[in-house]
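The structure appears below as structure tokens.
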Amino acid sequence: MITARITVTLKNGVLDPQGKAIEGGLSALGFSGIGSVRQGKIFDVELDAKDDNTALGELNAMCAKLLANTVIEDYHVEIL
Amino acid sequence: MKTSINQFPGSNRDRDMIAAITKISGATPQSVWHSETELPKSDLIIIPGGFSYGDYLRSGAIAARAPIMDAVRSAADAGIMVLGVCNGFQILTEAGLLPGALMRNAGLKFVCKQVNLKVENNRTNFTHRYEQNQIIPCPVAHHDGNYFADSETLNKIESEGQVVFRYTPDTNPNGSINDIAGIINEAGNVLGLMPHPENLIEADHGGDEGKYLFESALHPMLDTAA
């Protein structure tokens, strides 16, 4: 069984109001020096595949077809 | 004129839409469950509002990949009219039938209120019964209505008349780029909008300005058949 971690983040230049609110929350707690906060999603996926390359092919297809909206999001796949 | 209304688990404005279409057209629309793979013969397909699949992953993301959406895509490609309202608009963008994306409201809160819309393009099959630049009131109720498109897409839809409805700047409820409330595809047969015209069709609603969208769509003027 292969375990992978997929990280989905908003593309640069796409406004992230939730990240902004988190940034404000951290400042309100007294954390200083924060440049910016951008939030995203992590998916941990376990799958059966004969090797890492096959798994990467499947995982990238999953991102392109469902896990990320490539109009606004980028994704990164990592085999753990 | 046959109308179909697609229902997904979590749709909740479907019955409002059925009531509106029934009152305006005199005929009850056909309801189509999301797991169907074929649509009944339809001249107008409506994807109503709600919270399909609980808005899990992204609003409209999972519904956009439901079996019935292949049939909706084929119908849209053949020039059949498709209307998405609220979650329906989100589903159409997620399905790639309309450009751009609908993101979390800039104010982060769910908004349920009345806004004012400007009819930016009345030369469509969905809007020909409005005056160009007419301002109409309309209710909105959503959490993810903040329209976004990259600058290239935005330039294209702005220059080609694909922005059909715009919030008046003082009533933009969600931070939508260029105050965009509703857009149409290039071919002119797929419209998505966040506001709920089906909730403004008779005096008891406080106005009937939404009715003209359905009257337009039920009596199309332009041939969009592919």
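Since every read-out is calculated from the coordinates, none of them should be taken as a lab result. On a predicted model such as this, the values are computed, not experimentally measured, just so you know. Cβ coordinates were reconstructed from backbone atoms using ideal geometry, including for glycine residues, and neighbour counts include every protein chain displayed.
In whole percent, what relative contact order does chain B give with Cα contacts below 8 Å and a gap of six or more residues? Working shown, then result.
Working: 534 pairs, mean separation 46.3, N = 226.
Relative CO of chain B lands at 20 percent.
Where both residues lie in the protein assembly as shown, what percent of DSSP beta bridges are antiparallel, nearest 5?
Numbers: 37 of 52 bridges.
In the protein assembly as shown, DSSP labels about 70 percent of beta bridges as antiparallel.
For chain A, what number of Lys pairs, 8 or more residues apart or on separate chains, have alpha-carbon atoms under 18 Å from each other? It would help to have the intermediate numbers written out before the result.
On the way: A:Lys11/A:Lys20; A:Lys11/A:Lys41; A:Lys11/A:Lys65; A:Lys20/A:Lys41; A:Lys41/A:Lys65.
Taking the Cα cut-off of 18 Å, the pair count is 5.
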- Item | A:His76 paired with A:Asp48, simple spin-label distance in nm, labels 7 Å along Cα-to-beta-carbon | 3.1 nm
- Message: Restricting to lysines 8 or more places apart or on different chains, can you count the pairs in chain B with Cα atoms under 27 Å from each other?
- Response: 12
- Kirkwood-based shape ratio for chain B, expressed as Rg/Rh from alpha carbons: 0.92
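Can you give the percent of C-alpha pairs in the protein assembly as shown whose distance is more than 37 Å? Mind showing how you got there, number by number?
Working: 8321 of 46665 pairs.
Of the Cα pairs, 18 percent sit more than 37 Å apart.
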